[in-house]
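Q: Got a structure for you, written out below as structure tokens; questions coming shortly.
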Amino acid sequence: MLDIKWIRENPQALIDALNKRGHSAESAQSTVEDVIARDEARREHVSRLQEAQERRNAASKEIGKALGAKDSALAEKLKAEIGEIKGFIQNGEAQERTLDKALLDALAVLPNVPFDDVPVGADEKDNVEIRKVGKVKPGPNWVKEHYEIGEALGLIDFERAAKLSGSRFTVLKGQIARLERAIGQFMLDLHTTEHGYTEVQPPLLVRDEVLFGTNQLPKFEEDLFFVPHGEARLGLIPTAEVPLTNLVREEILAADQLPIRYTALTPCFRSEAGSAGRDTRGMLRQHQFYKVELVSITDQESSVAEHERMTQCAEEVLKRLELPFRTVVLCTGDMGFGARKTYDIEVWLPGQNAYREISSCSVCGDFQARRMDARYRKADEKGTHFVHTLNGSGTAVGRALIAVLENYQNEDGSVTIPEALRPYMGGMAKIERA
């Protein structure tokens with residue numbers, strides 16, 4: 001969430017940011033004017049309330065003086081005035097809550113402001129490649145996509161998954177199921193033992209305010225799954241970013257506790273609203289999938305450097321698996337709602353003859369911290385600062401499985417297991433049809 005004080009003082013900067021994100025000039029102007037108008041209405045009302053409360057307190061003292069002077073007429077007049085003021089205050093407090101909500105609703109749907117070095121563009125075509133790692137070899141004519149490989153091995157079953165749950169679900173069996181588990185364990189071990197992240201096993205069901213904290217609500221409600229819980233509801237996490245980042249919600253941390261780095265391997269659940277017709281074959285876009293998430297909580301000064309570090313941690317996964325990839329910086333039109341800057345890591349899939357996203361690493365500044373009320377205090381200061389938050393996939397396990405199957409496939413239909421994963425596969429070097 002953006003700072004309303006900053007918006008009041010820098011309305012044109014927000015208009016420019018919205019323009020960069022694809023809003024029309026008219027839309028950006030009206031959006032900013034609406035937010036400022038709601039804030040002014042709230043501030044004006046609060047000022048009137050404060051004046052009324054001050055007058056009530058002053059009138060109460062005047063009643064005592066009037067009674068001491070035996071001026072009963074003045075005392076009664078003052079009592080009547082206080083009665084009217086109390087009525088105004090009671091109604092005014094309810095109105096204040098309404099005005100607070102109106103302002104919060106307007107702020108909640110404003111996207112974050114991109115950094116100045118983020119390329120301006122409309123969509124993924126305007127993203128900028130910053131490095132490429134590994135050689136992409138021309139694919140022979142026998143190269144298959146991952147779902148063809150898995151079905152031929154008898155270890156990926158989409159038909160039975162559809163019977164159980166419908167489209168965009170998958171059943172993995174045998175050594176491919178084990179391979180997916182191995183990939184997740186390998187990533188966790190790398191991030192915890194070499195990259196300094198603390199492993200967490202978080203809840204998979206969270207409250208609305210937790211989803212709000214990491215900006216899934218209200219904007220992306222249709223992308224979520226919910227289950228009833230008493231008189232309320234709980235949401236299935238679309239990514240472990242949600243519970244991991246919210247571990248510091250409503251807390252004031254000491255500056256020397258930072259940075260905090262968390263990682264988790266969890267299922268993720270997404271309705272994929274709006275993705276009809278996209279990636280309908282195979283496992284690229286699923287309602288349920290596993291992902292290793294990276295989350296960092298930092299101070300204001302460290303977040304940009306932490307973003308580079310996090311991206312390198314995610315890249316290292318693909319280097320160890322010896323998978324070709326490239327890293328791109330997303331343009332303003334393709335960047336996520338809560339990010340100030342995002343790097344996408346795209347792994348090479350020979351079956352598709354294309355690079356596909358396997359990780360997004362984003363720095364959010366204090367955008368999420370304001371929604372969570374997460375702060376820190378420096379040792380020599382009385383005041384507090386909002387923490388800065390970062391998140392990234394380290395990486396998507398299902399997509400890493402796809403990349404391994406396609407890059408390590410053999411002409412006879414078998415799949416060679418990358419060296420880094422063999423300890424997790426009991427020393428097995430190859431997956432073959434039984």
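Q: For residues that are closer than 15 Å to Ile402 by Cα, in a helix (DSSP H, G or I) and among the aliphatic types (A, V, I, L, M), tally how many sit in the range 139-167.
A: 3
Q: Just wondering, is there one or more residues in the range 195-210 that are closer than 19 Å to Ala400 by Cα, open to solvent by less than 40 Å² (accessible area, probe 1.4 Å), in a strand (DSSP E or B) and in contact with a helix residue (DSSP H, G or I) (Cβ under 7 Å, 6 or more places away or on another chain)?
A: For the range 195-210, residues closer than 19 Å to Ala400 by Cα, open to solvent by less than 40 Å² (accessible area, probe 1.4 Å), in a strand (DSSP E or B) and in contact with a helix residue (DSSP H, G or I) (Cβ under 7 Å, 6 or more places away or on another chain): absent.
Q: Ok, one more. Quick check on Asn215: is it open to solvent by less than 60 Å² (accessible area, probe 1.4 Å), assigned to a helix (DSSP H, G or I) and modelled with pLDDT of 95 or more?
A: Against the criterion (open to solvent by less than 60 Å² (accessible area, probe 1.4 Å), assigned to a helix (DSSP H, G or I) and modelled with pLDDT of 95 or more), Asn215 does not qualify.
Q: Identify all residues within the range 102-144 that are open to solvent by less than 40 Å² (accessible area, probe 1.4 Å) and more than 20 Å from Lys341 (Cβ to Cβ); write none if there are none.
A: Going through the range 102-144, the residues open to solvent by less than 40 Å² (accessible area, probe 1.4 Å) turn out to be 102-103, 106-108, 110-114, 118-119, 121, 127, 143.
Those that are open to solvent by less than 40 Å² (accessible area, probe 1.4 Å) and more than 20 Å from Lys341 (Cβ to Cβ): Ala102, Leu103, Ala106, Leu107, Ala108, Val143.
Q: Do we find that Thr245 is of a type in the set (Ser, Thr, Tyr) and touching a Pro at 6+ places or on another chain (Cβ under 8 Å) in this structure?
A: Criteria not met by Thr245.
Q: Quick test of your reading of the structure: Ala434 fulfils all but one of (1) crowded, with 24+ Cβ neighbours inside 10 Å; (2) in contact (Cβ under 8 Å) with a residue 60 or more places away in the chain; (3) not in a helix (DSSP H, G or I); (4) not aromatic (Phe, Trp, Tyr). Name the failing condition by number.
A: Only one criterion in (1) crowded, with 24+ Cβ neighbours inside 10 Å; (2) in contact (Cβ under 8 Å) with a residue 60 or more places away in the chain; (3) not in a helix (DSSP H, G or I); (4) not aromatic (Phe, Trp, Tyr) is unmet by Ala434, namely (1).
Q: If I filter the range 120-128 for residues that are in a loop (DSSP other than H, G, I, E, B), under 36 Å from the mean Cα position of the chain (by Cα), hydrophobic (A, V, I, L, M, F, W, C) and over 30 Å from Ser414 (Cβ atoms), do I get at least one hit? I'd like the intermediate steps shown before the answer.
A: Step one: of the range 120-128, the residues in a loop (DSSP other than H, G, I, E, B) are 120-123, 127.
Narrowing the set further to residues that are under 36 Å from the mean Cα position of the chain (by Cα) leaves 120-123, 127.
Checking which are hydrophobic (A, V, I, L, M, F, W, C) leaves us with 120, 122.
Restricting the remaining residues to those that are over 30 Å from Ser414 (Cβ atoms) gives 120, 122.
So far as the range 120-128 goes, yes, one or more of its residues are in a loop (DSSP other than H, G, I, E, B), under 36 Å from the mean Cα position of the chain (by Cα), hydrophobic (A, V, I, L, M, F, W, C) and over 30 Å from Ser414 (Cβ atoms).
Q: Just one of Ser296, Ser271 is more than 14 Å from the chain's Cα centre (by Cα) and of a type in the set (S, T, N, Q); which is it?
A: Checking each option against the conditions leaves just Ser271.
For (1) within 23 Å of Pro218 (Cα to Cα); (2) in contact with a helix residue (DSSP H, G or I) (Cβ under 8 Å, 6 or more places away or on another chain); (3) of a type in the set (S, T, N, Q), each residue gets a yes or a no:
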| position | (1), (2), (3) |
| --- | --- |
| Ala69 | no, no, no |
| Gly92 | no, yes, no |
| Leu99 | yes, yes, no |
| Ala102 | yes, yes, no |
| Asn112 | yes, yes, yes |
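Q: Go through the range 396-422 and give me each residue that's in contact (Cβ under 8 Å) with a residue 60 or more places away in the chain, over 16 Å from Pro238 (Cβ atoms) and among the β-branched types (Val, Ile, Thr).
A: Selection gives Ile402, Val404, Val415, Ile417.
Q: In the range 302-338, which residues are within 20 Å of Tyr197 (Cβ to Cβ) and within 16 Å of the chain's Cα centre (by Cα)?
A: Ser303, His307, Met310, Thr311
Q: From the set of residues in the range 315-368 that are of a type in the set (Phe, Trp, Tyr) and open to solvent by 10 Å² or more (accessible area, probe 1.4 Å), which is nearest to Leu107 (Cα to Cα)?
A: If we take residues in the range 315-368 being of a type in the set (Phe, Trp, Tyr) and open to solvent by 10 Å² or more (accessible area, probe 1.4 Å), then Phe337 is nearest to Leu107 (Cα to Cα).
Q: Quick check: anything in the range 322-338 touching a Pro at 6+ places or on another chain (Cβ under 8 Å), among the β-branched types (Val, Ile, Thr), modelled with pLDDT of 95 or more and closer than 29 Å to Glu145 by Cβ?
A: yes
Q: All but one of (1) free of Cβ contacts under 8 Å to residues at least 40 places away in the same chain; (2) under 30 Å from Gly333 (Cα atoms); (3) open to solvent by 60 Å² or more (accessible area, probe 1.4 Å) hold for Arg38; which doesn't?
A: (1)
Q: Just name the residue that is nearest to Arg340 (Cα to Cα) out of those in the range 63-101 that are at pLDDT 85 or above and among the polar types (S, T, N, Q).
A: Thr98
To keep it simple, each residue is scored yes or no on (1) in contact (Cβ under 8 Å) with a residue 60 or more places away in the chain; (2) within 27 Å of Arg178 (Cβ to Cβ); (3) charged (D, E, K, R).
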site: Thr332; (1), (2), (3): yes, no, no
site: Ala354; (1), (2), (3): no, no, no
site: Glu357; (1), (2), (3): no, yes, yes
site: Cys364; (1), (2), (3): yes, no, no
site: Lys378; (1), (2), (3): yes, no, yes
site: Gly394; (1), (2), (3): yes, yes, no
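Q: Another one. Restricting to the range 285-314, give me the number of residues that are of a type in the set (Gly, Ala, Ser) and buried (at least 21 other Cβ atoms within 10 Å of the Cβ).
A: Summing the residues that are of a type in the set (Gly, Ala, Ser) and buried (at least 21 other Cβ atoms within 10 Å of the Cβ) in the range 285-314 gives 3.
Q: From the list Ser47, Ser60, which one is more than 30 Å from Leu217 (Cβ to Cβ), modelled with pLDDT of 90 or more and open to solvent by less than 70 Å² (accessible area, probe 1.4 Å)? So that I can check it myself, show each step before the final result.
A: Working: Ser60 fails: modelled with pLDDT of 90 or more.
Only one candidate qualifies: Ser47.
The values are calculated or read from the model by the stated rules, or taken from the named source; none is laboratory data. Fair warning: this is a prediction, and the values are worked out from it, not measured in the lab. Methodologically, a virtual Cβ is constructed for each residue, glycine included, from the backbone with ideal geometry; neighbour enumeration extends over all protein chains shown. Please note that ligands, DNA and RNA were not included when accessible areas were found on the heavy atoms of the full protein model with its side chains. Shrake-Rupley method; radii C 1.70, N 1.55, O 1.52, S 1.80 Å.
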